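These notes are about the structure you will find just below.
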Amino acid sequence: MTLTQEILSSLYLADKVAAWGTLGTIKPLKNFEPEADVDRITEILTNKGNVQTIVDIVTNLNNDQRQDLARLYKAELQKDLEEDIKKVVSGDLEKVIVGLLKAPAAFDAQELKSAMKGLGTDEETLTEILSTRSNDHLREIQTCYRQEYKAELEKDITSDTKEPYTGLLLALAKGKRERDSGIIDYSLIEQDSKILNDLGPKNTANSAQWITILTERSHGHLRRVFDHFKKSTKGEIEEWIKKNFKGDFQKGLLTLVAVIKNTPLYFADRLYNAMKGLGTDDSTLRRILVSRSEVDLLSIRVAYRRKYGKSLYSSIQSDTKGTHRSALLLLCRAEDI
């Protein structure tokens with residue numbers, strides 16, 4: 001199936017929002033038979049069969065169906081599917097399969113915890129997740145984080161980062177972004193543009209106001225603010241950020257602006273950077289493919305092909321290997337010619 005056909009098939013069923021309604025590559029399997037899948041998985045785990053079959057099963061289901069599969073496995077065998085899979089699969093492949101078996105908010109909570117544990121902090125991952133999830137999803141992440149790690153996400157962020165970057169992450173985690181109403185408020189656009197352009201005491205920009213505007217206004221409104229800012233100052237918003245802020249806060253703001261301007265392109269850039277040069281950032285590659293496979297991976301593929309002149313599928317194919325590569329390619333779904 002070509003990319004165009006995949007997108008059209010999604011749009012054709014867009015009225016069935018609960019089942020389809022996205023530009024993800026993974027859709028609900030129409031003829032889902034959980035009992036048969038549990039039997040097949042049990043056979044493989046018991047007799048140490050070909051794990052490719054497990055990969056085929058979990059990548060052919062959407063997350064709701066995987067949750068049904070895990071519940072049925074538990075009910076029939078009184079065992080945890082994740083834990084049993086870990087006994088026969090290891091390394092990057094294990095991380096992909098276990099990631100797919102988790103509910104999306106639980107997976108994100110795990111990734112956030114990993115970004116903050118041990119020495120050093122993975123700021124790019126923190127910003128990526130908190131900048132690209134919906135308000136409801138962010139609240140679900142906080143609940144999952146609390147249940148799984150017996151800790152508060154906000155407290156861990158505070159202890160692991162420094163101001164004003166901490167303030168940016170905490171504001172994002174609260175999930176207070178306004179919805180796009182479709183109404184254009186020209187006076188508010190002008191007001192927000194002026195606030196972002198103003199310098200306060202000691203000729204510095206007000207980081208608190210930047211945080212409020214960039215984390216609470218809708219994406220549609222902010223794109224108009226950025227356009228107004230460019231016309232009134234003769235410069236891009238990114239240039240202003242680089243001039244007036246530094247360190248992790250500067251990087252966080254630049255990421256947030258990139259997400260607001262074009263989320264699929266932001267992820268396309270993240271994927272490209274994860275695979276360029278020597279070595280591969282498997283953690284970033286895995287996280288994006290797992291988390292966006294039911295959201296907008298088709299759009300990310302389009303952005304990737306358009307900017308880098310090659311398909312995401314072929315990049316994954318040349319940068320990974322073995323069953324791990326097979327799992328990632330099944331999430332990506334198809335070559336874009």
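The values are calculated or read from the model by the stated rules, or taken from the named source; none is laboratory data. Because the structure is a prediction, the values reported are computed rather than measured. Glycine also receives a Cβ, built like all others from the backbone with ideal geometry; neighbour counts cover every protein chain displayed. We work out accessible area using only protein heavy atoms, side chains counted, and drop any ligands, DNA or RNA first. Shrake-Rupley method; radii C 1.70, N 1.55, O 1.52, S 1.80 Å.
Please go through region 237-274 and pick out each residue that is among the acidic types (Asp, Glu) and either open to solvent by 60 Å² or more (accessible area, probe 1.4 Å) or in contact with a Ser or Thr (Cβ under 8 Å, 6 or more places away or on another chain) (or both).
Applying the first criterion (among the acidic types (Asp, Glu)) to region 237-274 yields 238-239, 248, 269.
Passing the criteria: GLU239, ASP248.
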TODO: Hey, could you check region 224-236 for residues that are surrounded by 15 or more Cβ atoms within 10 Å (Cβ to Cβ) and charged (D, E, K, R) and say which is nearest to the chain's Cα centre (by Cα)?
DONE: ARG224
Open item on the list: Which condition from (1) within 28 Å of GLN142 (Cβ to Cβ); (2) open to solvent by less than 80 Å² (accessible area, probe 1.4 Å); (3) among the small types (Gly, Ala, Ser) is the one that GLY200 breaks?
Closed with: (1)
Open item on the list: Name the single residue that is farthest from LEU329 (Cα to Cα) among those in region 54-66 being part of a helix (DSSP H, G or I) and open to solvent by 40 Å² or more (accessible area, probe 1.4 Å).
Closed with: ASP64
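Restricting the search to region 27-53, which residues are charged (D, E, K, R), surrounded by fewer than 15 Cβ atoms within 10 Å (Cβ to Cβ) and not in a helix (DSSP H, G or I)? Explain how you work it out, then say what you get.
Here is the first cut: in region 27-53, the residues charged (D, E, K, R) are 27, 30, 33, 35, 37, 39-40, 43, 48.
Right, trim to surrounded by fewer than 15 Cβ atoms within 10 Å (Cβ to Cβ) and you get 30, 33, 35, 39, 43, 48.
Matches in region 27-53: LYS30, GLU33, LYS48.
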Open item on the list: Being open to solvent by 20 Å² or more (accessible area, probe 1.4 Å) and not in a helix (DSSP H, G or I) is the filter here; which residues of region 67-90 pass it?
Closed with: GLN78, LYS79, ASP80, SER90
- [ ] Determine, yes or no, whether SER218 is under 14 Å from LEU256 (Cβ atoms) and surrounded by fewer than 18 Cβ atoms within 10 Å (Cβ to Cβ).
- [x] yes
TODO: Would you mind finding the one in GLN52, GLN67 that is within 26 Å of ASP108 (Cα to Cα), more than 24 Å from the chain's Cα centre (by Cα) and among the polar types (S, T, N, Q)?
DONE: GLN52
TODO: Give the number of residues within region 156-186 that are touching a residue at least 40 places away in the same chain (Cβ under 8 Å) and among the aromatic types (Phe, Trp, Tyr).
DONE: 1
Task: Residue count, region 301-334 (criterion: over 19 Å from the mean Cα position of the chain (by Cα) and either part of a loop (DSSP other than H, G, I, E, B) or of a type in the set (A, V, I, L, M) (or both)) - done: 6
Open item on the list: Would you confirm, using the coordinates I've provided, whether GLY24 is outside any helix (DSSP H, G or I), under 20 Å from SER90 (Cα atoms) and modelled with pLDDT of 50 or more?
Closed with: no
- [ ] Pull up region 149-205, narrow it to residues that are modelled with pLDDT under 95 and among the hydroxyl-bearing types (Ser, Thr, Tyr), then point me to the one that is nearest to GLN110 (Cα to Cα).
- [x] SER181
TODO: Given the conditions (1) under 30 Å from ARG179 (Cα atoms); (2) of a type outside the set (S, T, N, Q); (3) free of Cβ contacts under 8 Å to residues at least 12 places away in the same chain, report the number of the one that LEU112 does not fulfil.
DONE: (3)
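Name the helices (runs of 4 or more DSSP H) wholly inside region 185-290 in which the number of residues that are farther than 20 Å from THR166 by Cα is 2 or more. Even if it seems obvious, please write down each step before you answer.
Working: elements: 186-197, 207-216, 219-233, 237-244, 247-261, 263-275.
Passing ranges, in order: 186-197, 219-233, 237-244, 263-275.
Could you tell me whether ASP281 is open to solvent by 10 Å² or more (accessible area, probe 1.4 Å) and within 30 Å of SER193 (Cβ to Cβ)?
Values: open to solvent by 10 Å² or more (accessible area, probe 1.4 Å): yes; within 30 Å of SER193 (Cβ to Cβ): no.
No.
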